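Colleague: Handing you this structure, nothing more for now.
The values are calculated or read from the model by the stated rules, or taken from the named source; none is laboratory data. If you're wondering where the values come from, they're calculated on a predicted model, not measured in any experiment. Methodologically, a virtual Cβ is constructed for each residue, glycine included, from the backbone with ideal geometry; neighbour enumeration extends over all protein chains shown.
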Amino acid sequence: MLGEGWITVPIKVLLVDDHQLIRDGLRKFISLAPEKAVVAGEVASGREAVAAAVNLQPDVVLLDINLPDQDGVATLQRLRQVLPQVKVIILTVYDDEAHVLEAVKAGANGYLLKDISPDELVAALEQAAAGQTPMPPRITGKVVRELRRVSQENTHIPLTPREIEVLRLVAQGKSNKAIAETLFVSEKTVKTHLTNIFRKLEARDRTEAAVWAIKASII
């Protein structure tokens, strides 16, 4: 596992789902692109997920919401405590606002539905590993609508105009390289802006910063 903006190749993935059939399907999907991602391990419960993640140090965890011992959100919160750098993508059948928002607030790095194609899954793994936030457009729309609904007050914006520009691009899921190209600056400059943004917003990662941007209605 490497820092923000770096990707290990192939990406190490931990599968967490209590249905063997689902895990077999995900493993098969990922095996179609062995140069990009590999399954480092698979488990069927939340507690097993935390132990396996600590042991295997995956780059990305694919996590179901419904687990037999504790729900996926509780597992996600525990993973955030013990392995804050690991990327966690929720993979589920639920596309309602309540589930999506709960996962995002808990620190999910992405939210995917189980009707995803093999190519889309591998692309999402690459995006998450690179610090982006993979979500289908209809899920992104739900997040934006719900966060704006529950946050009616105008949030104070403690950022400079340039930092706001960077944050808007982060919330759009752009990588550091893409942001640098858009703003005609170096990637080092982008990383400096992100460090300042995370510090000012007390955000742990790009996902939390993007959620703040949505709540502040700056995107």
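Colleague: Does the stretch 111-118 include one or more residues that are of a type in the set (V, I, T), in the same structural domain as N55 (by TED's automatic domain parsing) and within 19 Å of D18 (Cα to Cα)? Steps first, answer last, please.
Modeller: Filtering the stretch 111-118 for residues of a type in the set (V, I, T) gives 116.
The next check asks that each one be in the same structural domain as N55 (by TED's automatic domain parsing); those that pass are 116.
Subset that is within 19 Å of D18 (Cα to Cα): 116.
Checked the stretch 111-118: at least one residue is of a type in the set (V, I, T), in the same structural domain as N55 (by TED's automatic domain parsing) and within 19 Å of D18 (Cα to Cα).
Colleague: Scan A74, A129, A98, A106 and give me the residue that is under 24 Å from A51 (Cβ atoms), modelled with pLDDT under 90 and either in the same structural domain as H193 (by TED's automatic domain parsing) or not charged (D, E, K, R) (or both).
Modeller: Values: A74 fails: modelled with pLDDT under 90; A129 fails: modelled with pLDDT under 90; A98 fails: under 24 Å from A51 (Cβ atoms).
Of A74, A129, A98, A106, the one residue that is under 24 Å from A51 (Cβ atoms), modelled with pLDDT under 90 and either in the same structural domain as H193 (by TED's automatic domain parsing) or not charged (D, E, K, R) (or both) is A106.
Colleague: Take V100 and decide whether it is more than 15 Å from the chain's Cα centre (by Cα), more than 17 Å from A129 (Cβ to Cβ) and not polar (S, T, N, Q).
Modeller: Details: more than 15 Å from the chain's Cα centre (by Cα): no; more than 17 Å from A129 (Cβ to Cβ): yes; not polar (S, T, N, Q): yes.
Here the answer is no, as V100 does not meet what is asked.
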